[in-house]
Amino acid sequence: MAEAAKLLYIVVVDEGEKIDNGKESFRYTRPVLQSTLQLMGCKARHAFKISQSVFELMRSECFGDAFLPEGMEISGLDASKGFLAKEDDNGTGGCLGKAEVGNHLVSEKEDRSKRIPFELYKRRTTVVVRRETFLDVICDALAEYKYVGRNQRADLVLACRIRERKESVTVLLCGTSGCGKSTLSALLGSRLGITTVISTDSIRHMMRSFIDEKENPLLWASTYHAGEFLDPVAVAEAKAKRKAKKLAGVSHSHAKDEVFDGYTVGKSDTRPSEVGSSAAELISPKQMAIEGFKAQSEMVIDSLDRLITAWEERKESVVVEGVHLSLNFVMGLMKKHPSIIPVHDIHHQ
């Protein structure tokens with residue numbers, strides 16, 4: 001008896017889902033399944049062994065109707081083999097029509113002769129299974145390694161949706177300089193299979209490409225020296241306004257506007273009649289450094305907000321780290337973006 005072909009791909013389909021030539025369901029390879037298991041919390045060595053076990057079980061089982069959703073519409077599916085087959089008019093595996101290569105058209109005969117071996121290879125190395133069967137097999141394998149719990153299946157489903165880019169997750173790492181944010185972000189990206197890892201310093205650098213230094217020196221300044229480019233009188237006025245509104249019980253929903261109204265760069269055009277120069281003297285250099293940090297962070301967070309919106313639309317998971325991510329800013333972003341997972345209070349051990 002001939003040995004069964006090695007299984008390389010598992011195509012997972014949902015009930016009622018139709019597979020077309022241009023729109024196929026998600027294909028799992030062993031490394032992709034391993035990263036999915038790590039995303040749900042498995043250790044790397046266990047995820048590797050579990051993914052191997054799942055593929056071996058799928059290969060050894062008889063891929064008959066039991067692995068196919070009842071009543072599912074799948075174009076070109078060979079149910080007796082359990083894999084996706086594309087047949088032409090002659091009943092052979094291949095693709096119909098002509099393929100365009102660059103500016104030239106390859107004839108149908110030449111195209112079929114080139115693509116038949118690959119289609120036959122895909123037939124021998126691919127299996128199509130229903131979603132529930134796929135989850136059951138993985139959950140059984142997880143149980144062998146003691147990964148059991150009330151939310152085990154729900155965690156697996158969520159990890160699969162993130163890996164299949166039906167949902168996205170945004171991880172924000174907060175902390176002071178030198179506490180290990182960059183190292184942890186790289187490790188998280190590798191562990192969770194997230195390929196996009198970005199720093200708020202990179203966002204600030206991109207912003208500098210669109211704004212001249214003379215136009216906005218605050219953006220070009222070092223984060224901890226940004227306060228040197230603020231007007232002390234304007235800062236004092238802004239702080240007095242916020243304090244007055246807080247005492248009056250007015251909502252703090254327009255904090256962003258207040259920041260930019262008060263944190264003017266260079267000489268202030270406002271009249272210091274309400275606050276006076278004496279109030280400006282009350283702003284210490286330390287407080288000015290803090291206010292400069294907040295003002296620059298506000299600009300970076302505004303750009304990050306738009307980036308997260310774009311990532312969520314594309315269902316792209318990302319890890320963002322940076323000193324500009326103070327907890328107050330993160331809480332504000334969490335209210336707007338449900339995909340955000342905050343990671344804060346990072347300290348040296």
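The values are calculated or read from the model by the stated rules, or taken from the named source; none is laboratory data. The structure presented is a predicted model; accordingly, all values stated were derived computationally and were not measured. Ideal geometry is used to build each Cβ from the backbone, glycine not excepted, and the neighbour counts take in all protein chains shown.
Of the residues in the stretch 281-315, how many are surrounded by fewer than 17 Cβ atoms within 10 Å (Cβ to Cβ) and not in a helix (DSSP H, G or I)? Counting residues in the stretch 281-315 that are surrounded by fewer than 17 Cβ atoms within 10 Å (Cβ to Cβ) and not in a helix (DSSP H, G or I) gives 4. Contact map, the stretch 33-58: residues that are part of a helix (DSSP H, G or I) paired with residues that are surrounded by fewer than 21 Cβ atoms within 10 Å (Cβ to Cβ) and among the basic types (Lys, Arg), Cβ distance under 8 Å, separation 6+ or inter-chain. Pairs shown: Gln38/Arg191; Ala44/Arg191; Ser51/Arg30; Gln52/Arg30; Phe55/Arg30.
Quick one: how many residues across the stretch 188-207 are modelled with pLDDT of 90 or more and surrounded by fewer than 16 Cβ atoms within 10 Å (Cβ to Cβ)? Looking only at that region, the number is 5. Residues in the stretch 256-313 that are more than 29 Å from Lys335 (Cβ to Cβ), modelled with pLDDT under 50 and acidic (Asp, Glu): Asp269, Glu274. Determine whether Thr196 is assigned by TED's automatic domain parsing to the domain that holds Leu325, within 21 Å of Leu304 (Cβ to Cβ) and more than 14 Å from the chain's Cα centre (by Cα). Judged against the criteria, Thr196 is not a match. Filtering the stretch 122-156 to residues that are surrounded by fewer than 16 Cβ atoms within 10 Å (Cβ to Cβ) and outside any helix (DSSP H, G or I) leaves Lys146, Val148, Gly149, Arg150, Asn151. Check whether at least one residue in the stretch 233-253 is at pLDDT 50 or above, in contact with a Leu (Cβ under 6 Å, 6 or more places away or on another chain) and in the same structural domain as Val320 (by TED's automatic domain parsing), and report yes or no. The answer is no; no qualifying residue exists.
I'm checking my understanding of the structure. Among residues of the stretch 157-187 that are without any contact (Cβ under 8 Å) to a residue 60 or more places away in the chain and closer than 17 Å to Phe134 by Cβ, which one is surrounded by the most Cβ atoms within 10 Å (Cβ to Cβ)? Within the stretch 157-187, the match that is surrounded by the most Cβ atoms within 10 Å (Cβ to Cβ) is Arg161.
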